[in-house]
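Just below is one structure, and these are the notes that go with it.
FYI, it's all coordinate maths here, none of it is from the lab. The structure presented is a predicted model; accordingly, all values stated were derived computationally and were not measured. Glycine gets a Cβ as well: all are built from the backbone with ideal geometry, and neighbour counts include every protein chain shown.
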Amino acid sequence: MRTFRFKPAWEGSFPGVVLFGEIYQMTGPIARTARALAGMGYIVAVPEVYHEFEPLGSPFNYDKEGTDKGNRYKIEKEVAAFDSDARAVLGYLKGLPECNGRLGVMGICLGGHLSFRAAMNEGVRAAVCFYATDIHQGSLGKGKCDDSLARSGEIKGELMMVWGLQDPHVPREGRELIHKVLLDGGVNATRFEFNAQHAFVRDEGYRYNPALARICMDLVQELFHRRLQLGEPLETRPTPPGPC
């Protein structure tokens, strides 16, 4: 499995972040997102999630052919294979001498769902899921029958879910279902919904919203800074100060 690695330009010990891309694998927008995270002080690993189907180094175009191929592979690959890939990359990051052992995950579209599942692994302290597809209907993987919602209680780190209100792939009912299951399961999860379409953080295409994308990256930076840089305990959040 080819995995692209991005790291800060200075020497030191850094947290590790696995970045799961869209159905198009390692594209320009995903590489730029990875560089942005590295610039914040993280070692970032971006795996090619369709390595069983395509030669190494095979991004897909943002067109009908690329979309059809990416959507086909996501229901041809076994869910267990997605999970084992995530464990492999998390283990790789943790084993790097320049990694301080604190791990986070982030994903976009298909990658948002993969980030959700990767957050179930021991040691993942923070997870960000941008408009994660298929969670609400359990349709990831071969047979289109995943158990992501049923296993969401296994997420021990802090979870951030980001949605677009005009996203046809995850309707309001789906977002509400996911949020309810997370709250009922005691998952430390925050939900952000923006007046935007699917793929609004991708810096290519007509759906890109640069202002909202900047806000979202600030939210990512805040979460990762607390959980991965400062090492905030998973069991607590800082207590707000009392009245003056």
Collect the residues in region 187-202 that are surrounded by 12 or more Cβ atoms within 10 Å (Cβ to Cβ), assigned to a loop (DSSP other than H, G, I, E, B) and not basic (Lys, Arg), keeping them in residue-number order.
VAL187, ASN188, ALA196, GLN197, HIS198, ALA199, PHE200, VAL201
In region 29-83, anything closer than 30 Å to ARG227 by Cα and either part of a strand (DSSP E or B) or among the acidic types (Asp, Glu) (or both) is listed as ILE43, VAL44, ALA45, VAL46, PRO47, GLU48, ASP83
Of all residues in region 45-94, which are closer than 30 Å to SER13 by Cα, of a type in the set (D, E, K, R) and out of contact with any strand residue (DSSP E or B) (no Cβ under 8 Å at 6 or more places or on another chain)?
ASP83, ARG87
Checking GLY157 against (1) of a type outside the set (A, V, I, L, M, F, W, C); (2) surrounded by fewer than 21 Cβ atoms within 10 Å (Cβ to Cβ); (3) touching a strand residue (DSSP E or B) at 6+ places or on another chain (Cβ under 9 Å), which single condition isn't satisfied?
(2)
Within region 42-81, count every residue that is surrounded by 17 or more Cβ atoms within 10 Å (Cβ to Cβ) and small (Gly, Ala, Ser).
3
Hey, does region 45-58 have a residue that's farther than 23 Å from VAL79 by Cα and of a type in the set (A, V, I, L, M)?
no
